[in-house]
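K.L.:
Take a look at this one; I'll ask things after.
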Amino acid sequence: MRNNTSPIEALQNIFGYAQFRRGQAEIISEILEGRDVLGVMPTGAGKSLCYQIPAIIMGGVSIVLSPLISLMKDQVDALRQNDVRAATINSSMSWDDARDIFTAARRGEVNLLYVAPERLDSGGFRDFLSSVSIPLIVVDEAHCVSQWGHDFRPSYLNIAPTIASMPERPVVAAFTATATPEVRDDIIEQLSLVSPFTLTTGFDRENLFFHVEHQANKLKTLLDYMKKSSDLSGIVYCSTRKAVESVCLSLKESGVNAVRYHAGLDENERLLNQEKFIYDRADVMVATNAFGMGIDKSNVRYVIHYNMPGSIDSYYQEAGRAGRDGSPADCVLLFAARDIATARYLISSGTDEDAKKAGYKKLGAMIDYCNTDGCLRAFILKYFGERGAPEECGSCGSCVSDRERADITIEAQKILSCVYRMAERTGGRQFGSQMLADVLRGSRNESVLSLGFDKISTWGLMKDYSANAIKDMANFLTAEGYLSIGDGNYPTLAFTERTRPFLRSKARLMMRARDDGGNKKQGGIQNRERGTAKFERRRESSNPDLFDELRELRKETAASEGVPPYVVFPDNTLIAMSSQTPLSDDEFLAIPGVGQAKLKKYGKIFCDAIRNWLASKK
Ligand code: ADP
Ligand code: ZN
């Protein structure tokens, strides 16, 4: 039943890509050899092709288990665009409709069948499994099988027994973007994978530009950013429903085509807004973290966090929704010290003490990310335990920053000795950064006086600094590991094992200028614009107005077929098209993302549009 297509021919003729990405060829060849596979690859790495190509080559019906209807629908739409026979059975279907699909599959009309794991419970489905040839079972989002993971789904536990009950054991291929070793081992065990070929590609997402913005006026920063990226697709994440409401309203008032999403809206509005965003009818989605799970929109060009999330894990997952198509995208975090309090409050409202401690620890790493001067990408990769990542990536907000570094050795010494003196005075108690700033600025407020802090030698040592400047430096010292934040319910500062060696060593400490310590000139805006400028350059088509026209054409075409625009062509395909202006079939086929089926379907209308555009330029 196998056909003679080779993987690379399938990649080129069906999917229209010239070469495999990292890891894809190995996984495909292992599956074709009959070996189980576990692929751990970040979002956007191209996991789908790793099983779609073997499924096409092996023939028969390959089953893809996937947790979300929207994901399945997108994948099926995208495959059909390439004339691959794909179908889905989901919970919203009647039994009759499902039976029609089984019948079609038995007749050889379905090559890839996407189903939710809940289906495995039904006797009808089990009968179906033993009535056709099934060479491959794919478990997408395989971390859902693990109780350690953050999206555990009990129905995933049905997968292994179902496979065991099949007349002939298919190859089993599991994929996930979650990399922790516990989850990985758990997947192998829970799915009973047989000596699987395990491939973990790096966690880096090269096309994402990471940036942290320290700005007092977030809304203005946001609006400035929107002006630069006018009708590109983007997500703005806020930590509360209230913030979603007010940010969305402000964006709309400024003429931005934004919609909102949070758990407090009724389901109709949520669905409607989500759809507007996915179909490019709204440019910006303003949402809480309730939005995004199962959203496969590949042309999200930026994700802005209006508030700091509670952990790097959540941050990377949410920010990672940008740039799934591999084209450059921005991940910007707007940091304000007050977000720390909100995040701590959310953790403190839990009841489990161990979970709270773990929560504070994760939050600590998130705060450090916001305050480090070092490479942001390196910080994230180190956090996820990736070894061998370069110290500087050259393309994140820190690496491209031109804010000057100032010598803050003296200030650091004053801050650290103040932390020491306050503890000494109170028999070892620890205090937060507000108290620290009050003492260093020589405040006589009640709590300072009642603790006798006006009598310690560091009182008033930094009168000329704003409280924010002192807090920024304390945050920076924490990010650098010279101070730690305790894991109590209130954030307090304490020495670490690095503090004393640092004080003794007389090493110089340099910190990049922040925005409100009187450094208006080298403020972050400028820095961000440089970052954005870099981003713009990488994104840019050499014919931006043709790119806009082709986007419009894509939107109309997609609407007439009832699929999202990115299913017709991803952004990078349109960018290539508008730059290379193909006019013949061969030229059109040479565009990445154009295979035989899309040439047939869209070659003429897109080449005509390009021809007209060229003529209008003459
Ligand atoms: P994942 O499931 O890992 O998040 P996808 O399978 O959705 O990622 O792939 C992300 C994008 O990369 C898709 O638009 C896909 O068409 C594209 N892609 C995958 N493999 C290649 C390749 N070899 N060359 C070019 N683009 C690719
Ligand atoms: Zn960097």
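K.L.:
For a Förster distance of 41 Å, can you work out the FRET efficiency between the beta-carbons of Ala358 and Ala216, rounded to the nearest 0.05?
P.N.:
Given R0 = 41 Å and the Cβ-Cβ separation, E is 0.85.
K.L.:
Simple spin-label model, 7 Å along Cα-to-Cβ: Glu424 to Lys618 in nm?
P.N.:
Each label point is offset 7 Å from its Cα along the Cβ direction, giving 8.5 nm.
K.L.:
Report the full-extension gain for the segment Arg126 to Gln147: residue separation times 0.36 nm, less the Cα-Cα distance, to one decimal in nm.
P.N.:
Length difference between fully extended and current span is 5.0 nm.
K.L.:
Hey, which aspartates and glutamates would be in cross-link range of Lys242, C-alpha to C-alpha under 20 Å, not counting anything within fewer than 8 residues on its own chain?
P.N.:
Partners within reach: Glu253, Asp266, Glu267, Glu269, Glu318, Asp339.
K.L.:
Another question, if that's okay. Is the range 181-248 rounded, prolate or oblate when judged by the Cα gyration tensor, a ≥ b ≥ c being the square roots of its eigenvalues, rounded requiring a/c under 1.5 and prolate requiring a/b larger than b/c?
P.N.:
The shape class here is prolate.
K.L.:
How many times 2.2 N^0.38 Å is the alpha carbon radius of gyration of the chain?
P.N.:
For the chain, the normalised Cα radius of gyration is 1.07.
K.L.:
The range 379-430 to the range 564-602: how many Å between their Cα centroids?
P.N.:
For the range 379-430 versus the range 564-602, the Cα centre distance is 47 Å.
K.L.:
Ordered by packing density, taken as the mean number of other Cβ atoms within 10 Å over each peptide's residues, highest first, how do 599-606, 580-587 rank?
P.N.:
Taking the mean over residues of other Cβ atoms within 10 Å, the ranking is 599-606, 580-587.
K.L.:
Roughly speaking, what % of Cα-Cα pairs in the range 60-197 are separated by over 28 Å, rounded to a whole number?
P.N.:
14 percent
K.L.:
Can I ask one more? How would you rank 390-396, 414-420, highest first, on the average number of other Cβ atoms within 10 Å across their residues?
P.N.:
With the highest mean Cβ count within 10 Å placed first, the list reads 414-420, 390-396.
K.L.:
Taking 23 Å as the cut-off for C-alpha to C-alpha distance, list the pairs among Lys361/Lys463; Lys555/Lys601; Lys276/Lys362; Lys227/Lys617; Lys227/Lys276 that go past it.
P.N.:
Lys361/Lys463; Lys276/Lys362; Lys227/Lys617
K.L.:
Modelling each spin label as a point 7 Å along the Cα-to-Cβ direction, I'd like the Glu189/Leu223 distance in nm, to one decimal.
P.N.:
Inter-label distance under the simple model: 5.5 nm.
K.L.:
Out of all Cα-Cα pairs in the range 247-297, roughly what percent, to the nearest whole number, are more than 17 Å apart?
P.N.:
For the range 247-297, the share of Cα pairs beyond 17 Å comes to 29 percent.
K.L.:
Just how far, in whole angstrom, is the range 176-218 from the range 103-129 if you go by their alpha carbon centroids?
P.N.:
30 Å
K.L.:
A further question follows. Would you list Leu440, Leu157 from fewest to most Cβ contacts within 10 Å?
P.N.:
Leu157, Leu440
K.L.:
Next up: Expressed in nm to one decimal, what extension gain is obtained for the pair Ser92 and Ser349 from 0.36 nm per residue of sequence separation less their Cα-Cα distance?
P.N.:
Roughly 88.8 nm would be gained on extension.
K.L.:
Which FRET efficiency, nearest 0.05, do Ser165 and Ile410 yield, Cβ-Cβ r, R0 51 Å?
P.N.:
0.10
K.L.:
How large is the helix-only mean residue ellipticity at 222 nm for the chain, computed as the sum of -39500 (n - 2.57) over DSSP H runs with n ≥ 4, divided by its residue count, in deg cm²/dmol to the nearest 500?
P.N.:
After summing the helix terms and dividing by residue count, I get -13500 deg cm²/dmol.
K.L.:
Also: Which ordering of Trp613, Trp459, Trp95 is given by a fewest-first count of other beta-carbon atoms within 10 Å?
P.N.:
Ranking Trp613, Trp459, Trp95 by Cβ neighbours within 10 Å, fewest first, gives Trp95, Trp613, Trp459.
K.L.:
Asp545 to Ala18: FRET efficiency via 1/(1 + (r/R0)^6), r the Cβ-Cβ distance, R0 25 Å, to the nearest 0.05?
P.N.:
0.40
K.L.:
For the range 430-480, what is one quarter of the convex hull surface built on the Cα atoms, given in nm²?
P.N.:
Average projection, Cα convex hull of the range 430-480: 3.5 nm².
Values quoted throughout were computed directly from the atomic coordinates according to the rules given, and no laboratory measurement underlies them. Fair warning: this is a prediction, and the values are worked out from it, not measured in the lab. Counting neighbours? That spans all protein chains shown, and the Cβs are built from the backbone with ideal geometry, glycine included.
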